[in-house]
Amino acid sequence: MTDSSGDAAAIPRHISAEDRPVSLTIIRLMKGVLYRESNEDEWRTLEREFAAVQDHFSRIGVQVIFDDTNGYAFLKSLPEEEGSDPLPRLVQRRALSYHLSLLLLLLRKRLAEFEAGGEEGRLVLEREQIIEMLRVFLKESSNEVRVIQQVDQTIAQATKLGFLQDLSSKQRADARAWEVKRILKAYVDAEVMGEFAEQLAEYARVGAGDSAADGASDSAAGADATPTPEVDSE
Amino acid sequence: MNFDDISQLREHHPAWRLLRATSAPLIIAFLGDYFVEKNHGATSASTLVSELDDTLYALNAQTPDMFPRDPAAYLDEWADPQRSWLRKFYPIDSDEAHYDATPALEKAVRFVDELQQRSFVGTESRLHTLIELLRQIVHGSESDPEVRIAELEKRRDQIDAEIAEIRESGISLLDDSGVRDRYQLFSSTARELLSDFREVEENFRRLDRRAREKITSWEGGKGELLADLVESRSDISSSDQGRSFDAFYDFLLSGDRQRELAELVTAVQGMEAIEADRRLRFVHHDWADAAERTQQTVRNLSEQLRRFLEDQTWVEHRRVLDLVRSTEQIALRVRNDPPADGVGLVLDTPGLPIALAFERPFYDARPEPQVDSELEEVTIAESDYEALLAQRFVDSARLLENIRAIVPPRQTAELVDILQLYPVEQGVAEILGYLALSDDEVSIELHRDEETTIDYVDTAGIARRAKLPRVTVTRA
């Protein structure tokens, strides 16, 4: 995006006014999930110019998922076609920690129940509720503070991934709350959950506690090792 | 209703529990006034908190510490599912929690309202209404045209007879008690109708929940599912509640009706025989508001249900819940020995971040902070105490003495006159000292519209003149 001097002739330096909305939409998608509620302009552009945006990404093996029902859009690797040589993977995969996985799983369940229950508006959970929900699955500890710190940390990680959204600024200081974003459904689907369930069952079967679990985790993590270098923004 | 049913209700029904609560007067007074009397819909937490804050402030002013807690804490408590006197939810278009009254609250408020004695109980008007209802049921469902026509003719004859009677012997008016009787029925039904909307909404929500339950447990195809929803009336628009509400809404919203209602209500409210209830003056607007809110809820629910049906995830809903359940069980088993990292979800991360090396800021060479723990000795500077010592103390007892010496009790004197006899010794500070003298015995009054000048010699021996409003001194 920066202006470079010299042989810049081939690179368009200016984006014309009519291309600008599409560019903005592409950038927005590359930065993460695009929501109808919070990015109305980009959302409308995507509705109108879906083909143009999709063309842009399909060259690099990425597809745009546009979910009008739930009001979000995001990028995903194109499914591999049989017989063709797959492109290197661009969308990063990440193996999450056990606690974060548990939290996402439980949030996914709450979201499913919330939708099936026909409740109004958005699913919002308070800190106490999340702690209670997760605590049952955490190692018992005499150090209450540590357990809670751990939950707080896990909540922060889920927020960073964009599955929770902090609403605390609008609340009282002592009642922190998060919205569970519906995008969670798209990322934590039955397939991903199934793999996790298998891994965990394997771990429990081999005999919890021994380092025997290493074998199981190796094969799982190895299968999806990212070919692209991990760029950690931290 | 037998004994068990009733004790069950007493234990569990939110309305009954509200009536039994010690804080019931506060809840019914505040929430009843806000949601029922003033006919407010869902309200943001901050608005309701500030309303409650005002109410609590007024109550605590009467009896200190009657309600010591934070208003938000009260609201949270009342919205607790255990109590459910308020409904707390997060609307799609707001980041802030909203509260709305529940039907249980409405019921409790209405019950308390009805405890107040009515001056009389109208019976005649209700009998008329009942007969009219019966007529509508019977004739409305009569399919034989002959019978229908016969009935209409009978009614026409009645009207003709009425016209003839007026021609002959003039109009017979409804007497005052007849008017009051009907007005009472109108007023109670009008208020009831208003408070029923929340229950209607609640019914719609229940229907929606049932529809969703059906969807998530559905085994067949989507087409059959839709057919089943409509047939079994678990769909809102095909339910009794939905049809009745739709008909009501269409009827109310037609322009002619609105005008007619407005005219009738105004005419009735102006009648002398009636002790008009001012809340009813705009009751038709309140109906329209409440109906609009209910309509909005229905729209939201249908929209959500449509999305839910379209959303592919309901297909995998049950599989997801099964997976969660089995994973939960294993997680509980290994809870004291959780797997090290490596067992977990493997997810795509949202976005395609581009992080260019040159976009990063260069290393920012900050000067290393110098820490010097040896403190330099502080030299104590010679301070100038002049200003401190130069302060003078004006003895107000002396000034009072001066006044007592000159002004007899219950008399008034000019300050200027006092200063003539006891010249100022300590400059302007002394004049100010006089002005500050106000106690049980002496009162000082300033007359701002008049001005006096006082000549005095200040402490340095220079002649000065002070200008100030005329001052009088009165002894008690």
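The values are calculated or read from the model by the stated rules, or taken from the named source; none is laboratory data. None of the values given here were measured: they were computed from a predicted structure. Cβ sites come from the backbone with ideal geometry, for glycine too, and all protein chains shown count toward neighbours. Accessible surface areas use protein heavy atoms only, side chains included; no ligands, DNA or RNA. Shrake-Rupley method; radii C 1.70, N 1.55, O 1.52, S 1.80 Å.
Write down the radius of gyration of the protein assembly as shown and its Dmax, each obtained from C-alpha positions, in Å.
Calculated on Cα positions, Rg and Dmax stand at 39.7, 123 Å.
Using only alpha carbon pairs under 8 Å that are at least six residues apart, calculate the relative contact order of chain B and give it in whole percent.
9
How many Cβ atoms of partner chains, on average, are near each residue of A:94-106 if near means within 10 Å of its Cβ?
Partner-chain Cβ atoms within 10 Å, mean over residues of A:94-106: 6.
As a quick test, which of the pairs A:K31/B:K214; A:K31/B:K222; A:K185/B:K88; A:K185/B:K107 have an alpha carbon distance above 28 angstrom in this structure?
Where the Cα-Cα span goes over 28 Å, the pairs concerned are A:K31/B:K214; A:K31/B:K222; A:K185/B:K107.
For the range B:56-165, what Kirkwood radius comes out of the mean inverse Cα-Cα distance, in Å?
Mean inverse Cα-Cα distance, inverted, gives 20.4 Å.
Pull out the extension gain between B:D417 and B:L375, defined as 0.36 nm times the separation in residues minus the alpha carbon to alpha carbon distance; nm, one decimal.
Between B:D417 and B:L375, full extension yields 8.8 nm more.
Note down the accessible area of B:T474, probe 1.4 Å, to the nearest 10 Å².
My reading of the accessible area for B:T474 is about 40 Å².
In percent, what relative contact order does the range B:1-137 have, based on Cα pairs under 8 Å that are 6 or more apart in sequence?
Relative contact order, the range B:1-137: 27 percent.
Pick out, from A:Y35, A:G61, A:L24, the residue whose Cα sits farthest towards the positive end of the charge dipole of the range A:15-80, with +1 on the Cβ of Lys and Arg and -1 on the Cβ of Asp and Glu.
The Cα lying farthest towards the positive end belongs to A:G61.
Counting only other chains, and only Cβ atoms inside 10 Å, what mean value do you get across the residues of B:86-92?
That works out to 4 on average.
If you scale each eigenvalue of the Cα gyration tensor by 5 and take the root, what three semi-axes come out for the range B:3-115, rounded to whole angstrom and sorted largest first?
With the √(5λ) rule applied to the range B:3-115, the semi-axes are 23, 19, 13 Å.
What value, in deg cm²/dmol to 500, does the helix sum -39500 (n - 2.57) over DSSP H runs of n ≥ 4 give at 222 nm once divided by the residues of chain B?
Only helices count here, giving -18000 deg cm²/dmol.
Go ahead and run the numbers for FRET between B:S302 and B:S44, Cβ-Cβ distance against an R0 of 30 Å, rounding to 0.05.
Efficiency, rounded to the nearest 0.05: 0.80.
Quick one: putting +1 on the C-beta of Lys and Arg, -1 on the C-beta of Asp and Glu, what dipole do you get for the range B:396-475 around its Cα centre, in Debye to the nearest 20?
With only Lys, Arg, Asp and Glu charged at Cβ, the dipole is about 60 debye.
Treating the beta-carbon of each Lys and Arg as +1 and of each Asp and Glu as -1, no other charges, what is the dipole magnitude of chain B about its Cα centre, to the nearest 20 debye?
1300
Subtracting the Cα-Cα distance from 0.36 nm times the residue separation, let me have the gained length for B:D4 to B:D54 in nm, one decimal.
Fully extending the segment from B:D4 to B:D54 adds 13.8 nm.
Efficiency by 1/(1 + (r/R0)^6): what FRET value for B:D439 and B:E386, r their Cβ-Cβ distance, R0 = 45 Å, to the nearest 0.05?
0.85
For the range A:24-96, I need the span (max minus min coordinate) of the C-alpha atoms along each principal axis, in Å, sorted largest to smallest.
The Cα atoms of the range A:24-96 stretch 39, 32, 22 Å along their principal axes.
Can you give the longest stretch of chain B with no exposed loop site, where a site means GluC sites (Glu not before Pro) in a DSSP loop (not H, G, I, E or B) with at most 15 other C-beta atoms within 10 Å?
That gives B:276-373 as the longest site-free run.
Please compute the average number of Cβ atoms from other chains found within 10 Å of each residue's Cβ in peptide A:188-195.
Mean number of neighbouring Cβ atoms from other chains: 6.
Compute the signed sum of charges (Lys and Arg +1, Asp and Glu -1) over the other residues within less than 11 Å, Cβ to Cβ, of B:V407.
0
Given the peptides B:366-372, A:104-110, B:264-270, arrange them by the average over their residues of other C-beta atoms within 10 Å, most packed first.
Ranked from most to least packed, the peptides come out as A:104-110, B:264-270, B:366-372.
Quick check: convex hull of the Cα atoms in the range B:396-475, volume per residue, rounded to a whole Å³?
79
Over the heavy atoms of A:L161, what accessible area does a 1.4 Å probe trace out, to the nearest 10 Å²?
A:L161 has an accessible surface of roughly 20 Å² with all protein chains in place.
What spacing in nm lies between the two simple spin-label points modelled at A:E82 and B:D144, each 7 Å away from Cα in the Cβ direction?
Output for this residue pair reads 7.4 nm.
Set Lys and Arg Cβ to +1 and Asp and Glu Cβ to -1, take the dipole of the range B:3-115 about its Cα centre, and tell me which of B:T102, B:G32, B:V112 lies farthest positive.
So the residue furthest toward the plus end is B:V112.
For the protein assembly as shown, which whole percent of the accessible surface, found with a 1.4 angstrom probe, sits on carbon and sulfur atoms?
Carbon plus sulfur share of accessible area: 51 percent.
Where Lys and Arg each count +1 and Asp and Glu each count -1, what net charge lies around A:Y72 among other residues with Cβ under 10 Å from its Cβ?
Once all neighbours under 10 Å are counted, the net charge is +1.
In debye, nearest 20: dipole of the range B:3-115 around its Cα centre with unit charges on the Cβ of K, R (+) and D, E (-)?
The dipole magnitude comes to about 320 debye.
Return one whole number: the accessible area per residue of the protein assembly as shown in Å², for a 1.4 Å probe.
Counting only protein heavy atoms, the per-residue value for the protein assembly as shown is 62 Å².
Across the Cα atoms of chain B, what radius of gyration and what greatest pairwise Cα-Cα distance (Dmax) are found, in Å?
Cα-based Rg and Dmax for chain B come out at 40.6, 123 Å.
Taking 7 Å along the Cα-to-C-beta vector as the label spot, tell me the B:T266-B:S244 distance in nanometres, rounded to one decimal.
The answer from the label model is 3.3 nm.
With r as the distance between the Cβ atoms of A:S142 and A:E113 and R0 = 30 Å, compute the FRET efficiency 1/(1 + (r/R0)^6) and round to 0.05.
FRET efficiency, A:E113 to A:S142: 0.40.
For B:E124, what is the net charge nearby, where nearby means another residue's Cβ is under 10 Å from its Cβ and Lys, Arg count +1, Asp, Glu -1?
My count for the surroundings of B:E124 gives +1.
To the nearest 10 Å², what's B:T472's accessible area with a 1.4 Å probe?
10
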